[in-house]
């Protein structure tokens, strides 16, 4: 017997299935020779931009971001996994990735992908620690900690004192 699911439950199942597939593909990709990507770092007042050069023919997966961030395809052409499935995109293409997003992409042409974060930090290692979860388990622990912190703030606000 099956029970009807609300549409948000169906969406969550779809996202979970998509994530599992991306992780499986990523594990398979680790068996192939790896390449180093050319990365350029940009800094402005309260903004950090990470520019990634993706050579034609490359399949890659993104990192798990703890917070939402802005992504821009600056040049080239990619097939990229979005919340609405795989889309073949060319500039101008801008997408806001929700927290926890993990993308997979294929470069049809040499491409430049820019990820933008709001931060005053200029040390790349510290920026990665602040914004990136290295594993699925680390992201789950981060979300749990954020929820706990939010509950504490709510309790303090609602407590007459």
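Points worth noting:
- Inside the range 50-63, residues that are within 17 Å of residue 130 (Cα to Cα) and at pLDDT below 95 make up a count of 2.
- Residues of the range 22-34 that are in contact with a strand residue (DSSP E or B) (Cβ under 9 Å, 6 or more places away or on another chain) and closer than 25 Å to residue 116 by Cα: 22, 23, 26.
- Residue within the range 40-61 that is touching a helix residue (DSSP H, G or I) at 6+ places or on another chain (Cβ under 7 Å) and under 15 Å from residue 116 (Cβ atoms) present: yes
- Just one of the numbered conditions (1) surrounded by 18 or more Cβ atoms within 10 Å (Cβ to Cβ); (2) free of Cβ contacts under 8 Å to residues at least 60 places away in the same chain; (3) within 11 Å of the chain's Cα centre (by Cα) is not true of residue 105: (3).
- Scanning the range 69-86 for residues that are farther than 16 Å from residue 38 by Cβ, surrounded by fewer than 18 Cβ atoms within 10 Å (Cβ to Cβ), without any contact (Cβ under 8 Å) to a residue 40 or more places away in the chain and touching a strand residue (DSSP E or B) at 6+ places or on another chain (Cβ under 6 Å) returns 79, 86.
The values are calculated or read from the model by the stated rules, or taken from the named source; none is laboratory data. Just so you know, these numbers come straight off a predicted model, no measurement behind them. Reconstructed Cβ throughout: ideal geometry from the backbone, glycine too, with neighbour counts over all protein chains shown.
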